[in-house]
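Presented below is the structure to which this report refers.
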Amino acid sequence: MGQSSQKMKPSSFTLVCLLVLLVQSLQGQPAYKNPDVPLEQRITDLIGRMTLEEKILQLNQHWYGENLNPNNHGEKTDPITPEIGSLIFLSEEPELLTFRNDIQRRAMEKTRLGIPILFGFDVIHGMRTIYPIPLAQACAWNPALVSQAAGMAARETRLAGINWVFSPMTDIARDPRWGRVAEGFGEDPYAASAFCVATVRGYQGTNLSNPCSVAACLKHFVGYGMSEGGRDYHASDISAQSLWETYLPPFEAGVHAGAATLMSAFNDISGVPATANHYLLTEVLKQRWGHDGFVVSDWNAIAQLITQGVAKDRKEAALKSFRAGVEMDMVDRAYSDYLKELVDEGKVNIELINESVARVLRVKFRLGLFDRPYTPIVAESDGRLQPADKHLAAKLAEESMVLLKNEKGILPLSAKVSTLAVIGPLAKDQTNLLGCWSGNGKEQDVESIFDGLASEFGTRLKLPYVRGCDFDGDDESGFDAAVATARQADAVLVCLGEKKSWSGENASRSTIALPAIQEKLVARLRQAGKPIILVLSNGRPLELQRLEPMANAIVEIWQPGIAGGTPLAGILSGRVNPSGRLAITFPLTTGQIPTYYNMRASARPWGGNYQDMPTEPLYWFGHGLSYTTFTYGNAALSADKITRDQKLTVQVPVTNTGKMKGMETVFWYISDPVFSISRPVKELKYFEKKEINPGETVVFNFEIEPMRDLGYPDASGKRLLEPGSFYVRVGNQKLAFELVENFRTASVQEAGIRTHSNKD
Ligand code: NOJ
């Protein structure tokens, strides 16, 4: 975002602007209405004209539309004040657009100052065109595609009159019992940072005022993914060290990428609720990272400070959250009810009110809302769900699908398979493939697995279908028909998984195994003696310890959105070579949680294992098979000793030694065996995905910048760099090098965050 325009030095340019302001005010046109006046001057001019009541209304968000989210408690609609700062839409029906322009017209023309309303909506993985859930998007390891999808979603969002989306969810989540694991980018801070940045860039474009840009909202700041026991809304206990090394980095990356807003989280962080956390909201976010947009509370999060036991009533809750650095109150009306009183009592000073209002107005000005407040109404069929949107949704789905198992190369299906039995509750489902938070997506737009198979294979393959059982319950009455159909087939495709309501907000599960009825169905199908190909659609990693041994192949398709059928069918037929890799570890059992690749070393790695089950997860972060083989040649370092100011390049040649063209993602990790803080055994620092033809060798590079890639934060967020030995790991190779310096520990506060590309 154009933050440089605010740091204007007095210059002849400023003097000219002041002159323009003077002339305009003499002519009666307020400076804030003039798009030629610099941003900060428009803000100052407007604030100078506002009453305290008008200012406070800018700090509030009310809702409009039918409440479709059972977790957002409230009346069906909320009465609207046109002076309000923002409205959150709870549904996106076409008639809301007419309403939106009407209320905007009231705001612009019937209020004293004509301040436009900011319209927000939960766009999480698409508006009308629904893309794979964010967790799946991360498994594609393709930030460019993720960015394009966000850009397309922004365009559809603007058509609906919405300028502000409540995503990306930037929470690191390592407990798959937590339903919101579906909404984030997995377990690794570097990967989550890369996809957060890609999403922000897609939404906001090069300039927020572009007609297709929307303001992003990084949420939930911070630590929500750590809710104890995976129970949504619960407290989280996070050490200052983990906060800085794990939970804050993706937010910092998103802020540096220009994210206009953030949402404060529901949880507390070791006793201090995120919504009343001055340290995080003001000292870190605003003062240290220099964020100049605003923070909105999560739904009801201000009033919930009472439940969390840090405020005795809504007035105290308003005081605590406002002082901490939450500028906008999402639907609690605590700010509209009490901020004036708090100012009158001297508990909140007017400077803080002015600064907060400036932050809200800054985002509105940057979005161009003052200058173009209305949304042209185009027919529902226009501009949405276009062929390019569907194509992108299919491409992203294709790259996000992960081939977890492929015994004896059973996939792609051989030409000998002429009948494929299609079984399971997900096979013809259109509702649940959408995933949680499906915006204005419609199930009739969803291509089912069965339809994808039918269009891929045509008459080449017979596809007898039996549902077999429901998602849960204990009705086994469909089992016999399923087994009989399987007996007639050459192979059996079993489509299992989760309903979309089993993940997302308030959707915690005590076990991540599929319900017993689905496991029993597969056990019965085994009696048919035919190869079993398991297709899984789910919003979290699953416990597969009973299912995995019964399946000859497993394809994880996640919740792919509208276009999953054809990509899956392409993988089954061999038209598509699968390239997804897990962005989150699949534990063997629920009891292994938490399990993630970048844990610290155990003090006794030879002990401490579970007595009653293996300690290794079933599939590690990064796992994913291909139909071809990639052979890694010897990796080479450009030097084996560097100083802190030198860069080090590592290269690895990767050859496609199989018969099919394919895409390989190379993951580069750093290990630091001796540091003043115990560090994870290995940390992802870079990844790259490239297509390689059979017989071709492609060289992958990783450029190590010591400050950025070898440094590590301490519990205060200060980045430290220490000389000594390091390892860079790629594939199964581990190369040693030394950082040679005279210092013991250097603080490299401004080391910078890599935002994915080596060139960034
Ligand atoms: C609560 C959720 O936690 C948040 O992610 C969402 O954006 C708001 N409700 C608004 O619906």
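The values are calculated or read from the model by the stated rules, or taken from the named source; none is laboratory data. Being a predicted model, the structure only gives us computed values, none of them experimental. Cβ: placed from backbone, ideal geometry, glycine included. Neighbour counts: every protein chain shown.
Of all residues in the stretch 611-624, those satisfying the criterion of being under 17 Å from V730 (Cα atoms) and out of contact with any Lys or Arg (no Cβ under 6 Å at 6 or more places or on another chain) are W620, F621, H623. Within this structure, Q104 passes the test of being of a type outside the set (S, T, Y), within 22 Å of N60 (Cα to Cα) and assigned to a helix (DSSP H, G or I).
So that you can scan it fast, the table gives a plain yes or no per residue for (1) in contact with a helix residue (DSSP H, G or I) (Cβ under 9 Å, 6 or more places away or on another chain); (2) surrounded by 18 or more Cβ atoms within 10 Å (Cβ to Cβ):
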| position | (1), (2) |
| --- | --- |
| W558 | yes, yes |
| L568 | yes, yes |
| G580 | yes, yes |
| Y596 | no, yes |
| W620 | no, no |
| T629 | no, no |
| A639 | no, no |
| D645 | yes, no |
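Filtering the stretch 209-241 to residues that are surrounded by fewer than 24 Cβ atoms within 10 Å (Cβ to Cβ) and either more than 28 Å from P680 (Cα to Cα) or away from the ligand (no atom under 15 Å from the Cβ) (or both) leaves S209, N210, P211, C212, E228, G229, A235, D237, I238, S239, A240, Q241. The set of residues in the stretch 242-253 that are under 17 Å from the mean Cα position of the chain (by Cα) and more than 15 Å from the ligand (Cβ to nearest atom) comprises T246, Y247, L248, P249, P250, E252, A253. The residue pairs whose first member lies in the stretch 513-531 and is crowded, with 21+ Cβ neighbours inside 10 Å, whose second member is in a helix (DSSP H, G or I) and β-branched (V, I, T), and whose beta carbons are closer than 8 Å, counting only pairs six or more residues apart or on different chains, are L525/V483. Looking across the stretch 285-306, the residues that are more than 15 Å from the ligand (Cβ to nearest atom) and assigned to a helix (DSSP H, G or I) come down to L285, K286, Q287, R288, L305, I306.
Is it the case that P211 is in contact with a helix residue (DSSP H, G or I) (Cβ under 7 Å, 6 or more places away or on another chain) and more than 28 Å from E688 (Cβ to Cβ)? Taking the combined requirement at face value, the residue satisfies it. Selection within the stretch 318-357: residues that are hydroxyl-bearing (S, T, Y) and out of contact with any Asp or Glu (no Cβ under 6 Å at 6 or more places or on another chain). The member of this set that is farthest from the ligand (Cβ to nearest atom) is Y338.
Kindly establish whether F185 is of a type in the set (F, W, Y), closer than 30 Å to S510 by Cβ and either part of a loop (DSSP other than H, G, I, E, B) or within 15 Å of the ligand (Cβ to nearest atom) (or both). When the stated conditions are applied, F185 passes them. Does at least one position in the stretch 11-29 carry a residue that is at pLDDT 75 or above and of a type outside the set (A, V, I, L, M, F, W, C)? Taking every residue of the stretch 11-29 in turn, at least one turns out to be at pLDDT 75 or above and of a type outside the set (A, V, I, L, M, F, W, C).
Against the test of being within 16 Å of the ligand (Cβ to nearest atom) and farther than 23 Å from W620 by Cα, the options S508, S501 yield a single qualifying residue, S501.
Please verify whether W164 is of a type in the set (F, W, Y) and under 27 Å from I377 (Cβ atoms), treating the condition exactly as stated. Yes.
If you go through the stretch 256-266 one residue at a time, do you hit one that is modelled with pLDDT of 95 or more and either of a type in the set (S, T, Y) or over 22 Å from the mean Cα position of the chain (by Cα) (or both)? Within the stretch 256-266 (the criterion being modelled with pLDDT of 95 or more and either of a type in the set (S, T, Y) or over 22 Å from the mean Cα position of the chain (by Cα) (or both)), the answer is yes, since at least one residue qualifies. The sole residue among T275, T282 that is in contact (Cβ under 8 Å) with a residue 40 or more places away in the chain, away from the ligand (no atom under 16 Å from the Cβ), in a helix (DSSP H, G or I) and hydroxyl-bearing (S, T, Y) is T282.
Among the residues making up the stretch 609-650, those that are under 30 Å from G724 (Cα atoms), in a loop (DSSP other than H, G, I, E, B) and either at pLDDT below 95 or not small (G, A, S) (or both) are W620, F621, N634, D640, T643, R644, D645, Q646, K647. Residues in the stretch 151-174 that are within 16 Å of the ligand (Cβ to nearest atom) and not in a loop (DSSP other than H, G, I, E, B): A153, T157, W164, V165, M169. It is to be established whether one or more residues within the stretch 376-388 are closer than 16 Å to Q137 by Cα and not in a loop (DSSP other than H, G, I, E, B). No - not one qualifying residue is present in the stretch 376-388.
Listed by position, the strands (runs of 3 or more DSSP E) enclosed by the stretch 681-728 that each have at least 2 residues that are of a type in the set (F, W, Y) are 683-692, 697-704. Just to be sure, is M663 assigned to a loop (DSSP other than H, G, I, E, B) and within 30 Å of W558 (Cα to Cα)? No: the conditions fail for M663.
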